[in-house]
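Peer 1: Starting off with a structure, shown below.
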Amino acid sequence: MIRCTKCVMPETWPGISFDEEGICNICRENEKEIDFNWEEREKKLKEILSFYKERAIKRNNKYDCIVGYSGGKDTAYTLWTMVKKYGMRPLVFTFDHTFPLSPDAMYNLMEIPKKLNCDHLLFTMGTEFRNALCRKGSEVLGDFCWHCHNGVGSMPARISKQWDIPLQIWGEPSAKYKTYGADSYEDMEEYDEEHFKKVGQAGVTPEMMLPDEYELRDMMPMTWPEGEFELKAIFLGHFEPWEQRKHVEIVTKELDWRHAEVEGTYVDWDKVDCPYEPVRDWQKWLKFKFARTTFQASKDIREGLITRDEGLKLVKKYDGKRPKALDRFLEETGMTEEEFNATTLKHSPLKK
Ligand SMILES: [Zn+2]
């Protein structure tokens, strides 16, 4: 398997390419950060925020922005930054994947918005429908998370429209991981309908994802709202350097954000917001023969925290182990392991 000569990302990642030095497009994209005028960008952010602050006051709206919140480190940091650093009044919105959370993850999800004195709206999907979508997601895309990735994009847009809150703040820009038609840093991407279709839906429409026993209207929460409406959905990571470890430190100290041991990785703060992330990693491994540690090690190599050799060792140690969480996932969603494996493998570029 060909890997980037700088990080450890492999050729199987959809959207990756390598230049003449064998360095991947994700590494090249991240090198650009060094040349950014972050002060200028922060000034721009402040202008955007004060415009929408004023707008909310004029319209007598309690909320001047929406922050999508999962309880993970990225959204916790984004929320903290908006409230504490910029004095915004966000409506916190969670599209709940409805998988069982650990007490610590539950604390992060439910208590932190309260601590920041924010109002929090939680959308929870019925279990049978969610399970049907998990099965269908595996079948159509080899990814059981499709419904969640859609809902986190479409539901805030629906609320923006309905509640007249046209500003949304997202965290990590997709230029950081560069796939499924992600934008470049210079594009200063926004989460609009085009981004939703490209990155959220991964090119799969609700029609294609409709489980047999359901109607198209059941997919409504996962579809983009119809008609014209005002929306500016920006990524905080375009306005300040996106530094994972610094964010973890801040939310731990300021919000008592809780860490948790997660299967399949060497850090205790990544994706603690979903108990089945290790299952998703396993699905990645089955399809592409790499998983979460490859991503994390690659980020850490780029940031100069570990060497490439250390990264390769970590990848060998952690990636590609069948997670314990798979048993519970299969039991909960009613899939057999054979079905899970077969539907996933159908989408592997390696099978040919
Ligand atoms: Zn690379």
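Peer 1: Looking at residue 271, is it on the phi > 0 side of the Ramachandran plot, surrounded by 19 or more Cβ atoms within 10 Å (Cβ to Cβ) and not small (Gly, Ala, Ser)?
Peer 2: Considered against the rule, which asks whether it is on the phi > 0 side of the Ramachandran plot, surrounded by 19 or more Cβ atoms within 10 Å (Cβ to Cβ) and not small (Gly, Ala, Ser), residue 271 comes out as yes.
Peer 1: Within the stretch 111-150, work out how many residues are closer than 24 Å to residue 62 by Cα and touching a residue at least 24 places away in the same chain (Cβ under 8 Å).
Peer 2: So the count comes out to 12.
Peer 1: Hey, another quick one. Inspect all residues belonging to the stretch 89-101 and state whether any of them is at pLDDT below 95 and either at positive phi or small (Gly, Ala, Ser) (or both).
Peer 2: The answer is yes, given that some residue of the stretch 89-101 is at pLDDT below 95 and either at positive phi or small (Gly, Ala, Ser) (or both).
Peer 1: Also, I was wondering about something else. What about residue 234, is it in a loop (DSSP other than H, G, I, E, B), in contact with a Leu (Cβ under 9 Å, 6 or more places away or on another chain) and either modelled with pLDDT under 95 or surrounded by 21 or more Cβ atoms within 10 Å (Cβ to Cβ) (or both)?
Peer 2: Judged against the criteria, residue 234 is not a match.
Peer 1: Also, I was wondering about something else. So the check is Cβ under 8 Å with 6+ separation or different chains; which pairs have a first residue in the stretch 201-216 that's on the phi < 0 side of the Ramachandran plot and a second one that's among the aromatic types (Phe, Trp, Tyr)?
Peer 2: Short answer, once both residue conditions are applied: 201/146; 204/146; 209/146; 211/129; 214/129.
Peer 1: Out of the residues in the stretch 23-43 that are among the acidic types (Asp, Glu) and within 16 Å of the ligand (Cβ to nearest atom), which is nearest to the chain's Cα centre (by Cα)?
Peer 2: My answer is 29.
Peer 1: Looking at 224, 242, can you tell me which residue is within 20 Å of residue 67 (Cβ to Cβ), within 17 Å of the chain's Cα centre (by Cα) and part of a loop (DSSP other than H, G, I, E, B)?
Peer 2: When all the criteria are applied, what remains is 242.
Peer 1: Kindly establish whether residue 246 is free of Cβ contacts under 8 Å to residues at least 12 places away in the same chain, of a type outside the set (A, V, I, L, M) and more than 15 Å from the ligand (Cβ to nearest atom).
Peer 2: Taking the combined requirement at face value, the residue satisfies it.
Peer 1: If you don't mind, another one. (1) at pLDDT 95 or above; (2) aliphatic (A, V, I, L, M); (3) exposed (fewer than 13 other Cβ atoms within 10 Å of the Cβ): which one isn't true of residue 34, the others all being true?
Peer 2: Among (1) at pLDDT 95 or above; (2) aliphatic (A, V, I, L, M); (3) exposed (fewer than 13 other Cβ atoms within 10 Å of the Cβ), the lone unmet condition for residue 34 is (1).
Peer 1: Exactly one condition in (1) modelled with pLDDT under 95; (2) in contact with a Lys or Arg (Cβ under 8 Å, 6 or more places away or on another chain); (3) not polar (S, T, N, Q) is not met by residue 267; state its number.
Peer 2: With respect to (1) modelled with pLDDT under 95; (2) in contact with a Lys or Arg (Cβ under 8 Å, 6 or more places away or on another chain); (3) not polar (S, T, N, Q), residue 267 is out only on (2).
Peer 1: If a residue must be modelled with pLDDT of 95 or more and part of a loop (DSSP other than H, G, I, E, B), how many such residues does the stretch 102-146 contain?
Peer 2: Of the residues in that region, 3 qualify.
Peer 1: So is residue 64 out of contact with any His (no Cβ under 8 Å at 6 or more places or on another chain) and within 16 Å of the ligand (Cβ to nearest atom) or not?
Peer 2: So residue 64 does not fit the description; no.
Peer 1: Hey, any hits in the stretch 325-344 for a residue that's within 16 Å of the ligand (Cβ to nearest atom) and either in a loop (DSSP other than H, G, I, E, B) or basic (Lys, Arg) (or both)?
Peer 2: Checking the stretch 325-344: not a single residue is within 16 Å of the ligand (Cβ to nearest atom) and either in a loop (DSSP other than H, G, I, E, B) or basic (Lys, Arg) (or both).
Peer 1: Let me ask something else about it. Which residues, counting only those in the stretch 281-302, are touching a residue at least 24 places away in the same chain (Cβ under 8 Å) and out of contact with any Asp or Glu (no Cβ under 7 Å at 6 or more places or on another chain)?
Peer 2: Matches in the stretch 281-302: 281, 282, 286, 287, 288, 289, 295, 297, 298, 299, 301, 302.
Peer 1: Hey, among 28, 55, which residue is assigned to a helix (DSSP H, G or I), of a type in the set (Lys, Arg) and closer than 29 Å to residue 220 by Cβ?
Peer 2: 55
Peer 1: Against the condition crowded, with 22+ Cβ neighbours inside 10 Å, aliphatic (A, V, I, L, M), over 21 Å from residue 16 (Cβ atoms) and touching a Pro at 6+ places or on another chain (Cβ under 8 Å), how does residue 279 come out, does it pass?
Peer 2: Here the answer is yes, as residue 279 does meet what is asked.
Peer 1: Six or more apart or on different chains, Cβ under 9 Å: which pairs go from a residue in the stretch 91-103 that's farther than 11 Å from residue 126 by Cα and free of Cβ contacts under 8 Å to residues at least 40 places away in the same chain to one that's in a loop (DSSP other than H, G, I, E, B) and aromatic (Phe, Trp, Tyr)? Could you list them?
Peer 2: Qualifying pairs under 9 Å: 92/69; 94/69.
Peer 1: Ok, one more. Mind checking which pairs have a first residue in the stretch 20-39 that is within 13 Å of residue 299 (Cα to Cα) and a second that is away from the ligand (no atom under 14 Å from the Cβ) and not in a loop (DSSP other than H, G, I, E, B), Cβ under 7 Å, 6 or more apart or different chains?
Peer 2: 29/185
Peer 1: Determine which member of the set 17, 50 is within 11 Å of the ligand (Cβ to nearest atom) and polar (S, T, N, Q).
Peer 2: 17
The values are calculated or read from the model by the stated rules, or taken from the named source; none is laboratory data. Computed from a predicted structure; not experimentally measured. Every residue, glycine as well, gets a Cβ built from its backbone with ideal geometry; the counts of neighbours run over all protein chains shown.
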